[in-house]
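The values are calculated or read from the model by the stated rules, or taken from the named source; none is laboratory data. As the structure is a prediction and not an experimental result, all values here were calculated from the model. Note that we place each Cβ from the backbone using ideal geometry, even for glycine, and neighbour counts take in every protein chain shown. These area figures cover heavy atoms from the full protein model, side chains too; ligands, DNA and RNA do not enter into them. Shrake-Rupley method; radii C 1.70, N 1.55, O 1.52, S 1.80 Å.
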Amino acid sequence: MAESTIPTPLPLMDSTPDDTGKVEPANLHLPRISIQFCTQCRWMLRAAYFAQELLSTFNTDIGEVALVPKTGGVFTVTICHGTLNSEGEVTTQDIILWDRKRDGGFPEVKALKSLVRNVIAPERDLGHTDRALKKQQGEQEKKEEGGKDKAGCEDCQ
C-alpha cells in the first residue's frame, strides 16, 4: 500500500514592504489595485463591477485586484506599484486613485480606467474610453467658457 502524503500549503505571498519600504521582487504581484468598500452601505457589487472592468481592460498588466470590506461609508480605490532601482530592489508606492469622500461620489468606469492607465501604462491608448473622456472634457470646457460670458452680461441675468 502506498504511503499518502499531505501536501504542505504554500506560504501566502506578502507584498507588504518592510521597514525600509522595499519588497522582495519574488513576492510581488504589482501593480496591485485595492478597492475598499463599505459593507454596511452594500457597495460590494459596485466594487466587484469595477474590479471586473479593470481586469477586463488591463488583463495581465495588473498583478492583482483586491476587494477589501470596510465600514463607515468607505469607497476608496488605491494602486500600489513598484519601481526597480539600480540595485535591483523594488520600492513600492501607494496612490489613492479615487476616494468617495474626497472626490465626491463614485467614479465613472472610463474615468477609473484612465486613472489606472496613467499610472501603469501612460502611453497606452484606451480606444473608445479615451475618445469619450476627451469629448466629455471638451463639452465641459465649452460650458465653462459660455458660463463666463453670460456671467458678465447684464441682459442674460
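Key figures for this structure:
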item: Residue match in the stretch 100-114 (condition: polar (S, T, N, Q) and open to solvent by less than 80 Å² (accessible area, probe 1.4 Å)); result: yes
item: Residue list for the stretch 57-68, restricted to those being outside any helix (DSSP H, G or I) and open to solvent by less than 20 Å² (accessible area, probe 1.4 Å); result: 62, 66
item: Of all residues making up the stretch 71-88, the number that are out of contact with any Ser or Thr (no Cβ under 9 Å at 6 or more places or on another chain) and either under 14 Å from residue 47 (Cα atoms) or basic (Lys, Arg) (or both); result: 3
item: Every residue from the stretch 69-85 that is outside any strand (DSSP E or B), over 14 Å from residue 35 (Cα atoms) and of a type in the set (A, V, I, L, M, F, W, C); result: none
item: Tally, over the stretch 40-56, of residues that are under 12 Å from the mean Cα position of the chain (by Cα) and either buried (at least 16 other Cβ atoms within 10 Å of the Cβ) or among the acidic types (Asp, Glu) (or both); result: 5
item: Cβ-Cβ under 9 Å pairs, at least 6 apart or on other chains, the stretch 126-137 side closer than 16 Å to residue 58 by Cβ, far side of a type outside the set (Ser, Thr, Tyr) and modelled with pLDDT under 70; result: 126/133
item: Every pair of residues 6+ apart whose Cβ atoms lie under 9 Å, when the first sits in the stretch 25-39 and is within 12 Å of residue 94 (Cβ to Cβ) and open to solvent by less than 40 Å² (accessible area, probe 1.4 Å) while the second is assigned to a loop (DSSP other than H, G, I, E, B) and at pLDDT 90 or above; result: 31/62; 31/63; 33/62; 33/63
